[in-house]
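Here is the structure we will look at, set down as structure tokens.
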């Protein structure tokens with residue numbers, strides 16, 4: 001199975017919005033390919049070509065990635081569908097005027113030379129053929145959001161998109177696409193489709209307000225271009241994709257629940273941490289009290305007669321038995337012999353002088369002093 005990298009759409013990705021966008025474009029295109037020879041440029045994983053092949057006479061998908069082409073060939077099997085490895089700016093199909101409809105959804109922004117792509121389209125499309133192409137609206141997709149898609153080489157503003165197609169086709173119908181949340185009202189007992197009414201709202205502050213239709217901005221442009229007349233084919237193009245499973249809403253609800261659970265966990269962790277801090281503060285205060293008590297006891301000891309006598313005795317010992325001298329070491333050995341005579345005798349009998357030699361070495365006794 002192919003891995004999701006963000007470069008091309010895969011129909012099993014969890015993100016409902018990207019599913020809506022891609023599936024809707026191909027669903028719209030199926031209305032224009034019945035009994036037609038179709039070329040699907042930058043067909044990707046192959047799901048869209050397969051949708052088209054269920055209505056068209058024959059569909060050829062072009063994809064530059066060999067691994068993706070192999071996946072498409074093994075996944076989408078129809079007699080009227082094939083996949084070819086190749087570039088959309090150098091389509092590996094010989095001849096001219098071979099296709100009634102050419103599709104290129106979300107492909108043009110992936111190449112630098114748009115003119116070369118359009119020259120290939122003009123080479124392969126029939127004189128009265130239909131070119132259906134989509135691309136992100138750079139003003140909304142990139143500028144407004146501040147995000148940059150690393151797989152997009154050259155995105156277009158509407159004027160640039162319009163000029164590009166106007167330089168290559170006599171007629172073009174422009175459509176806008178965007179995933180929008182809202183409400184749908186429709187007839188239940190009747191299968192007829194009367195004219196629809198559209199209301200545009202926008203949230204400002206803490207409530208919604210009705211605004212003009214110009215406020216509905218397209219995140220993607222879809223264009224239908226041809227050198228033949230388009231009026232009869234595109235005059236009534238209005239399309240909705242309705243998800244009755246509410247996958248996007250359920251995803252948002254799950255996300256909101258997950259956030260609320262994490263907030264609760266953070267609150268609990270914060271409360272536990274604050275309780276621990278309070279407990280540690282109490283312990284610290286208790287230790288300070290004990291330190292102050294011990295300091296007071298120490299002050300009393302230092303003022304006592306016993307402490308003064310002990311200090312004078314230590315100074316007297318240091319004067320007569322200086323540190324790091326043999327004299328002091330000999331006295332220490334004598335005291336050890338008095339306190340633990342048996343242990344000293346055992347070592348002398350065993351001629352185990354190592355502890356005493358180590359004691360001499362560790363104390364760095366000066367031989368010049370006695």
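Each value in this text was obtained by applying a stated rule to the coordinates, not by laboratory testing. Just so it is clear, the structure is predicted and the values come from calculations on it, not from any experiment. Positions of Cβ are generated from backbone atoms using ideal geometry, with glycine treated the same way; all protein chains shown enter the neighbour counts.
Tabulated data for the structure shown
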{"read-out": "Antiparallel %, DSSP beta bridges [both residues in the chain], to 5", "value": "45 percent"}
{"read-out": "Gained length - residue 246 relative to residue 292, 0.36 nm times residue gap less alpha-carbon distance", "value": "9.7 nm"}
{"read-out": "Ascending count of other beta-carbon atoms within 10 Å, so fewest first, for 12, 4", "value": "12, 4"}
{"read-out": "Whole-angstrom gap from the stretch 307-328 to the stretch 247-282, using each part's C-alpha centre", "value": "65 Å"}
{"read-out": "Acute angle (nearest 10 degrees) that the helix 305-320 long axis makes with the longest principal axis of the chain, alpha-carbon atoms", "value": "80 degrees"}
{"read-out": "Rounded to 10°, Cα long-axis angle of helix 16-29 versus longest principal axis of the chain", "value": "20 degrees"}
{"read-out": "Length-normalised contact order of the stretch 57-177 in % [C-alpha pairs under 8 Å, at least 6 apart]", "value": "21 percent"}
{"read-out": "Degrees, to the nearest 10: 66-75 long Cα axis against longest axis of the chain", "value": "70 degrees"}
{"read-out": "Top of 205, 182, 86 by mean-square fluctuation, Gaussian network on the chain, Cα under 10 Å", "value": "205"}
{"read-out": "Rg(Cα) / (2.2 N^0.38 Å) computed for the stretch 95-178, rounded to two decimals", "value": "1.14"}
{"read-out": "Enclosed volume per residue, in Å³, of the convex hull spanned by Cα atoms of the stretch 184-329", "value": "405 Å³"}
{"read-out": "For the chain, alpha-carbon Rg relative to the globular expectation (2.2 N^0.38 Å, N residues)", "value": "2.08"}
{"read-out": "Relative contact order [Cα under 8 Å, 6+ residues apart], the chain, whole percent", "value": "12 percent"}
{"read-out": "Computed Kirkwood radius, in angstrom, where 1/r is averaged over Cα pairs of the stretch 124-272", "value": "19.7 Å"}
{"read-out": "Alpha carbon centroid spacing (whole Å) that separates the stretch 1-52 from the stretch 129-155", "value": "17 Å"}
